[in-house]
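Colleague: Handing you a structure now.
The values are calculated or read from the model by the stated rules, or taken from the named source; none is laboratory data. The structure presented is a predicted model; accordingly, all values stated were derived computationally and were not measured. All Cβ positions, glycine included, derive from the backbone under ideal geometry; neighbour counts span all protein chains shown.
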Amino acid sequence: MINALQSELTINVVASIIVSALFLVIGFVWGKYKERQRKFGRNLEEYDFYPFIVTRENFGEFSLKDFRLGMHYFLKNEDHTAARQLIFIGEQNNVRTQLEPAEQKVYAQLFEKYDGKRVTDDTHEFLENYERIVRLIGKSFPNTGIEILLHNLADPAHSLITLENNVTGRHLRDGTTNLLIDLKRRQLLNEDKLNYELNIGARKFKCTTIPIKRKEFGIVGAICINIDANYITEEVLKSPACQTFGMSSRSLARPAAQSSSPLSFRAKSPARP
């Protein structure tokens, strides 16, 4: 009888210890999860005030109204992931120039609270290797009329950070207006910005733009390749090297018309000034 009671008591004690340990582990795991949520948070897209709306044409468009809502929300409720994504989108869309003076102060508080400068600095650091790639490719094709450049779209007002073989007359720290919007639109349509034409005065260019994406922030930069068609016909094809190999604008124009390559084009006579 006594042995039976001792055995039952032992079982109850062991069971209680196991249950307590189980609750302790569950509580610890849940606490770590909540701590991680507070520290890292959710993606901005999971909030109702994600600052992009879909237009009638089914394109994404920046929403200043939703940006304001997010700005005030993250000042009161911490979410480092979503708040930093909001700041990045704000910087991409020059939000400081769109906000009223009172709201600019609120944005400044948000920027300071979540270390907004670090957001843009991280993007610049992320693009450093792309800067090296653009420089090396550009230096591999000097005096060919092939321009290659890199945009940092975290700072659209001064986005041009690397430029090799300048043929379009741009300058470092020049800004871009609708490039980001165009790339986002094409992303929604699953389109590439490939082999499009650009005219600057009488000069014609064949261009390709390659977006650079970052998991946390989406499109953060772009590599642009611009080929000066006039320079190819006026300078490159008339150079001694091309003449030695029997290359001319006329000989290259015929196969170019039949070529299916996306970068091919028919060479034309230089436009009259």
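Colleague: Show the residue pairs meeting these rules: Cβ distance below 9 Å; 6+ apart or different chains; first residue within the stretch 60-86 and touching a residue at least 24 places away in the same chain (Cβ under 8 Å) and among the β-branched types (Val, Ile, Thr); second residue part of a helix (DSSP H, G or I) and surrounded by 15 or more Cβ atoms within 10 Å (Cβ to Cβ).
Modeller: Listed by first residue and then by second, the contacts come to THR81/LEU44.
Results for (1) under 21 Å from the mean Cα position of the chain (by Cα); (2) not in a helix (DSSP H, G or I), shown as yes or no for each residue.
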site	(1), (2)
GLU78	no, yes
THR81	yes, no
ILE87	yes, no
GLN109	no, no
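Colleague: Can you name every residue in the stretch 162-186 that is among the β-branched types (Val, Ile, Thr) and either in contact with a Ser or Thr (Cβ under 8 Å, 6 or more places away or on another chain) or part of a helix (DSSP H, G or I) (or both)?
Modeller: Scanning the stretch 162-186 gives THR176, ILE181.
Colleague: Looking at PHE126, PHE111 in this structure, which one is aromatic (Phe, Trp, Tyr), at pLDDT 90 or above and within 26 Å of CYS224 (Cβ to Cβ)?
Modeller: PHE126
Colleague: So, one more: Which residue, of LEU150, LEU160, LEU172, is touching a residue at least 60 places away in the same chain (Cβ under 8 Å), within 15 Å of GLU131 (Cβ to Cβ) and touching a strand residue (DSSP E or B) at 6+ places or on another chain (Cβ under 9 Å)?
Modeller: Among LEU150, LEU160, LEU172, only LEU150 is touching a residue at least 60 places away in the same chain (Cβ under 8 Å), within 15 Å of GLU131 (Cβ to Cβ) and touching a strand residue (DSSP E or B) at 6+ places or on another chain (Cβ under 9 Å).
Colleague: State yes or no: is ARG42 surrounded by 16 or more Cβ atoms within 10 Å (Cβ to Cβ), at pLDDT 70 or above and touching a helix residue (DSSP H, G or I) at 6+ places or on another chain (Cβ under 9 Å)?
Modeller: no
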